[in-house]
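The values are calculated or read from the model by the stated rules, or taken from the named source; none is laboratory data. Because the structure is a prediction, the values reported are computed rather than measured. Here the Cβ positions follow ideal geometry from the backbone for every residue, glycine too, while neighbour counts run over all protein chains shown.
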Amino acid sequence: MTTETAYRIHGATGEWEVVIGLEVHAQVTSASKLFSGASTKFGAEPNAQVSLIDAAMPGMLPVPNRECIRQAVRTGMAIDAQINAWSRFDRKNYFYADLPQGYQISQLYHPLVGEGAIDIVLDEKDPEGSTKRIGVERIHVEQDAGKLMHDQHPTMSYVDLNRCGVALMEIVSRPDMRSPAEAGAYVRKLRTILRYVGSCDGNMEEGSMRADVNVSVRKPGGELGTRTETKNVNSVRFVMATIEHEANRQVDVIEGGGRIVQETRLFDPDTGTTRSMRSKEDAHDYRYFPDPDLLPLVLDDAFLAECRASLPELPDAKLRRYETELGLSPYNAAVLTAEAETARWFEVLLAETAKRTGKPEADVAKQAGNWLMSELFGALNRLGKTLETSPVSPVQAAELLGLVGDGTISGSIAKQVFEKMLETGDAAGVIVEREGLKQTSDTGAIETAVDAVLAANADKVEQYRGGKEALFGFFVGQTMKAMQGKGNPQLVNQVVKAKLG
């Protein structure tokens, strides 16, 4: 089912609708920059990764980085966008201290990627609920600028050109979003796709993915209003906060008799507000023209075929497969496919668990998924770690699940073993042997334990036989406790049932 969220601003003159478009700048995954061989590694000393091309030394000519073009094409294919086999670079002229050339090489008139779309889920807690398709107008490739540092000296600003010339994909949406929640869902979904494809690491904290947020307001269904653009917003939460504040600010201005000025603004995360930065330039203000140092990009069929063949299974397709082939619930499938790293971890866990138990993957998928989402995620959250830094590998986790599956240990003992694995890094089998944690299926020992429990609780036995059947779980629990969790639960249930008659 496809619908729109009913998000409205309630002003003094009635309801207002917000119209949102996003321009997401995603740093391309590449060892070197778009037109030079300088490194793109994050965290280097200032100005340690600047080539003569980046510094705009006279006579230096740019040469396109094939891998950057390849990654942008793969991203376009992942959102089912039009790939333009012929595209061209343009110069966008403006003067700023962190742009040594005095212009940025971008693509205005003939972008590498044309129209595509991204499907979002409007309520992420209900993956089977309403969805919406957000149009993508284009993806073009361009250079990043450097960075100005204003807090190093009381009277001067420093320039770091390490980022200058790094390849960016500018992913421009259509103004199809109508609420902060939709915009947040769009950014999260786009980030997931980029990370699956491997074309951007999506690390918004390090600036490798950031959004320019375009907001306008209008009466529902009316003419589009004047938009403002809030630059370089670097988290999903801040994107949503920017929209919330800016929409309400614009309504207040209009209802107060003012008018909205087309301008560029900045978001202040400390106050949750936006402030004016400069008037918004139009395309003609940048005096775009084709870059004379660069020939048009012409992509042949072999290159495009290789790009398409290199794409992984994408998140929507993976989610459908988890539901249909593995029998996972829509919610579990959504959680396990939300991040590429989670899906990779789960699939190794699933394959190894199936191999150890000798069962089809579909038969162990629910157990593996539930364990990952509850036990491992809970432990990692407690330890302040991620899947990438997990003390337990998916192969080690599969051994633990295999020991539960073949009856070597019970589910309660597995929790104890897991804690030991986190503490020591030892394998599950080693811990079980060392600690003597193997589950007992000795019916004689189980019968002895059950007899002792029933004898110690004769009053409850009478109540059970008098019709209070809920006490059955009490007898089982007391037996398991007496056996220190080592009794085979299935056999314990059978013996208790037989003894109670």
Given (1) on the phi > 0 side of the Ramachandran plot; (2) under 32 Å from the mean Cα position of the chain (by Cα), identify the lone condition not met by GLY116. (1)
Condition check for GLN478: modelled with pLDDT of 90 or more, surrounded by 17 or more Cβ atoms within 10 Å (Cβ to Cβ) and farther than 30 Å from GLU347 by Cα: yes
Odd one out for GLY407 among (1) buried (at least 17 other Cβ atoms within 10 Å of the Cβ); (2) among the small types (Gly, Ala, Ser); (3) part of a loop (DSSP other than H, G, I, E, B): (1)
Only one of ARG174, ARG227 is more than 29 Å from LYS41 (Cβ to Cβ), surrounded by fewer than 20 Cβ atoms within 10 Å (Cβ to Cβ) and in contact (Cβ under 8 Å) with a residue 24 or more places away in the chain, namely ARG174
Set ALA85, ALA48, ALA78: member being within 25 Å of CYS164 (Cβ to Cβ) and modelled with pLDDT of 95 or more: ALA48
Pick from region 246-299 the residues that are surrounded by 15 or more Cβ atoms within 10 Å (Cβ to Cβ), assigned by TED's automatic domain parsing to the domain that holds GLN101 and among the aliphatic types (A, V, I, L, M): which of them is farthest from the chain's Cα centre (by Cα)? LEU294
With the first residue restricted to region 255-269 and required to be in contact (Cβ under 8 Å) with a residue 60 or more places away in the chain and farther than 15 Å from HIS245 by Cα, and the second required to be assigned to a loop (DSSP other than H, G, I, E, B) and polar (S, T, N, Q), Cβ contacts under 8 Å at 6 or more apart or on different chains are GLU255/THR13
Selection count where residues are among the hydrophobic types (A, V, I, L, M, F, W, C), assigned to a loop (DSSP other than H, G, I, E, B) and modelled with pLDDT under 95, scope region 1-43: 4
Check on VAL450, over 27 Å from LEU401 (Cα atoms) and buried (at least 20 other Cβ atoms within 10 Å of the Cβ): yes
Need at least 1 residues that are assigned by TED's automatic domain parsing to the domain that holds TYR94 and either at pLDDT 95 or above or buried (at least 16 other Cβ atoms within 10 Å of the Cβ) (or both) per element, so show me which strands (runs of 3 or more DSSP E) inside region 110-167 make the cut, counting only ones lying wholly within it. 116-121, 131-143, 158-160
Does any residue in region 419-443 that is of a type in the set (Gly, Ala, Ser) come within less than 6 Å, Cβ to Cβ, of a residue that is at pLDDT below 90 six or more places away or on a different chain, and which pairs are these? SER441/ASN488; SER441/LEU491
VAL73 vs (1) modelled with pLDDT under 95; (2) touching a helix residue (DSSP H, G or I) at 6+ places or on another chain (Cβ under 7 Å): all pass except (1)
